[in-house]
Amino acid sequence: MQNARYNGVAGALHWILAILVVAQLYIGWTFADLPRGTPAKGEWFVWHKTVGILILLITVGRIGWRVANPPPPFPATMPGWERAAARASHLFFYAILLILPLSGWVLISSGKTDVATTTLLGGMPWPLIPGVPDSAHEPAEVVHAVLIWATVALFVVHAAAALRNQYFGDRALSGRMPPFRRRGD
Ligand code: HEM
């Protein structure tokens, strides 16, 4: 019998967000390196805004879905410190997935009194956050930069822990996230 594991919806949301976050880091670093004012920079930036807003919306949906559908319980054999570490890192991930795109949204909204929207892919208008003062620009930039590196660090820790649980140690900890299956099943 398969052990307790996340279901298909949780698995789909997990992998869609993982792919979007990796793509978003690539897009962000690519446009950041391009010279100011070039059309290429503008095009990459439209992708960056669109993927970032998508990450924000999917994260809100994912959190709502998780509250309504609690994750599978940890196996009884899992040590207390590992449960605490897993809970803390997952919570940290949700916080990053909300605050990182929000800081980007604040960044592009700051000091904009003449326009109410920004443009996403396909010319789709997206509202700017009203009333964000110019002085919010720099703090939002710092938050964005710090959380980018927090994402990279957490990603490495998370992937290392997941791969360790999947392939080594306690078998009851493997196969919790689809499409992975319990070791030996
Ligand atoms: C999870 C979502 C996001 C990730 C992982 C992400 C990642 C990045 C990365 C890697 C950079 C390049 C930083 C550098 O090397 O200078 C960047 C810059 C930037 N991003 Fe995002 N971003 C996200 C969401 C957003 C959103 C939703 C917006 C706006 C709607 C946005 C607006 C910006 C802006 C304006 C910059 C340039 C910052 C500056 O001037 O220093 N980002 N982002």
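Is it true that some residue in the stretch 110-125 is closer than 30 Å to Leu173 by Cα, within 14 Å of the ligand (Cβ to nearest atom) and in a helix (DSSP H, G or I)?
no
Restrict the check to the stretch 146-158 and report whether at least one residue is open to solvent by 90 Å² or more (accessible area, probe 1.4 Å) and more than 15 Å from the chain's Cα centre (by Cα).
So far as the stretch 146-158 goes, no, none of its residues is open to solvent by 90 Å² or more (accessible area, probe 1.4 Å) and more than 15 Å from the chain's Cα centre (by Cα).
Report, by residue number, each residue of the stretch 1-45 that is within 14 Å of the ligand (Cβ to nearest atom), among the β-branched types (Val, Ile, Thr) and open to solvent by 40 Å² or more (accessible area, probe 1.4 Å).
Correct list: Ile16, Ile19, Val22.
Name the residue that is surrounded by the fewest Cβ atoms within 10 Å (Cβ to Cβ), counting only residues in the stretch 128-141 that are outside any helix (DSSP H, G or I) and within 11 Å of the ligand (Cβ to nearest atom).
Among them, the one singled out is Ile129.
It is to be established whether one or more residues within the stretch 27-36 are closer than 16 Å to Met124 by Cβ and acidic (Asp, Glu).
no
Give the stretch 160-185 a look and list any residue that's at pLDDT 90 or above, closer than 17 Å to Pro79 by Cβ and not hydrophobic (A, V, I, L, M, F, W, C), or say none.
Passing the criteria: Arg164, Asn165, Asp170, Arg171, Ser174, Arg176.
Among (1) within 16 Å of the ligand (Cβ to nearest atom); (2) under 25 Å from Gly175 (Cβ atoms); (3) open to solvent by less than 50 Å² (accessible area, probe 1.4 Å), which single condition is Phe92 missing?
Only one criterion is unmet by Phe92, namely (3).
Looking at the structure I just gave you, is Pro125 open to solvent by less than 70 Å² (accessible area, probe 1.4 Å) and farther than 19 Å from Ile27 by Cα?
Spelling it out, it is not the case that Pro125 is open to solvent by less than 70 Å² (accessible area, probe 1.4 Å) and farther than 19 Å from Ile27 by Cα.
The values are calculated or read from the model by the stated rules, or taken from the named source; none is laboratory data. This is a predicted model, so every value here is computed, not measured. Cβ: placed from backbone, ideal geometry, glycine included. Neighbour counts: every protein chain shown. Surface areas here come from the heavy atoms of the whole protein model, side chains and all, with no ligands, DNA or RNA. Shrake-Rupley method; radii C 1.70, N 1.55, O 1.52, S 1.80 Å.
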